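To start, the structure under review is shown below, and the notes come after it.
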Amino acid sequence: MKKLENKRIVIAGTRKTDEISKIISNQGGIPLLRPAQGTTTLDDSNIEGEITTLLSGSYDWLIFTTGMGLNILLETADRLGKKTDFISMLKNSKIAARGYKTVNVLKSLDITPLVRDDDGSTAGLVRSLSNCNVFPLGAKVALQLHGDPAPLLIKFLEEKEASFHEVLPYIHIPPNEDVIDQLLAEILEGSVDAISFTSTPQVRFLFEYAQNKGVTKEILDQFENAVVALAVGKVTAQSLRDHGVQRVILPETERMGSAIVTLGDYYTK
């Protein structure tokens, strides 16, 4: 018998859904696509302006929090015919990075960040920045965010008296209401066995919708008893816990494939 035999597993993300569905199916599970977020880039003129400002050398530090955001900046620089200049600017900048995807994008450019998180989270990045002796008071910082607030990072920069500018290559938009309504109903009915979350906006949008419907307690009860919350990594897991979910399954290696394997192990232990 396969580890996820007949388990109905919701995929709340929007990326690599075919790949994730195949992993679930190979373990005997039934993948259900219920995207709990939408992603959109900001208008091109806004991002192009950010590229120009970054290339001007106005900042002492660059902080990148997502690989996707950094890739959008690189693609925009390429479209403007300034990719070589942009990469050169990165190589000559003091960079702090959060997350393995961000670090991997930098690595592909032969760039190693001066500071990176110690556990893949924003809190881990703040710890690393706090413990390093190279981040000065009053620094000018370009802070690339990812559509969700980063209060810990903002608080750190404010305590350091930094002058920071938020760069938003993309923002998250709410999911299709029919889809999130269906997902909420399935959770309440207990007709799904697990939900795989790959980012914090998915968690935020689900619980915002539950709150608007007045069923937050019922949703939390279901996560406690009938529906397993699966997180791709520590950041998403912490968001689930912050929203009141006590039982959260997550892999040691922050990859969706590893998360599905971990879920299978959870069901068969």
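Observations on the model:
- When the stretch 63-79 is limited to residues that are more than 20 Å from the chain's Cα centre (by Cα) and surrounded by fewer than 16 Cβ atoms within 10 Å (Cβ to Cβ), the one that is farthest from Phe135 (Cα to Cα) turns out to be Arg79.
- None of Thr236, Thr216 is of a type in the set (S, T, N, Q), under 29 Å from Leu70 (Cβ atoms) and in contact with a helix residue (DSSP H, G or I) (Cβ under 8 Å, 6 or more places away or on another chain) except Thr236.
- The residues on offer are Ile195, Ile260, Ile173, Ile187, and the sole one that is hydrophobic (A, V, I, L, M, F, W, C) and either farther than 25 Å from Asn26 by Cα or open to solvent by 10 Å² or more (accessible area, probe 1.4 Å) (or both) is Ile173.
- Residues in the stretch 151-170 that are open to solvent by less than 30 Å² (accessible area, probe 1.4 Å), assigned to a loop (DSSP other than H, G, I, E, B) and either at pLDDT 95 or above or polar (S, T, N, Q) (or both): 1 in all.
- Subset of the stretch 218-252 that is at pLDDT 95 or above and among the acidic types (Asp, Glu) - its residue that is least open to solvent (accessible area, probe 1.4 Å): Asp221
- Count of the stretch 80-98 residues which are touching a residue at least 12 places away in the same chain (Cβ under 8 Å) and either in contact with a helix residue (DSSP H, G or I) (Cβ under 8 Å, 6 or more places away or on another chain) or in a helix (DSSP H, G or I) (or both): 12
- In the stretch 30-46, the residue that is farthest from Glu75 (Cα to Cα) out of those that are without any contact (Cβ under 8 Å) to a residue 60 or more places away in the chain and not in a helix (DSSP H, G or I) is Ile30.
The values are calculated or read from the model by the stated rules, or taken from the named source; none is laboratory data. Because the structure is predicted, anything quoted here is derived from the model rather than measured. Don't worry about glycine lacking a Cβ; one is built from the backbone with ideal geometry, like all the others, and counts go over all protein chains shown. These accessible areas exclude ligands, DNA and RNA; they are computed on the full protein's heavy atoms, side chains included. Shrake-Rupley method; radii C 1.70, N 1.55, O 1.52, S 1.80 Å.
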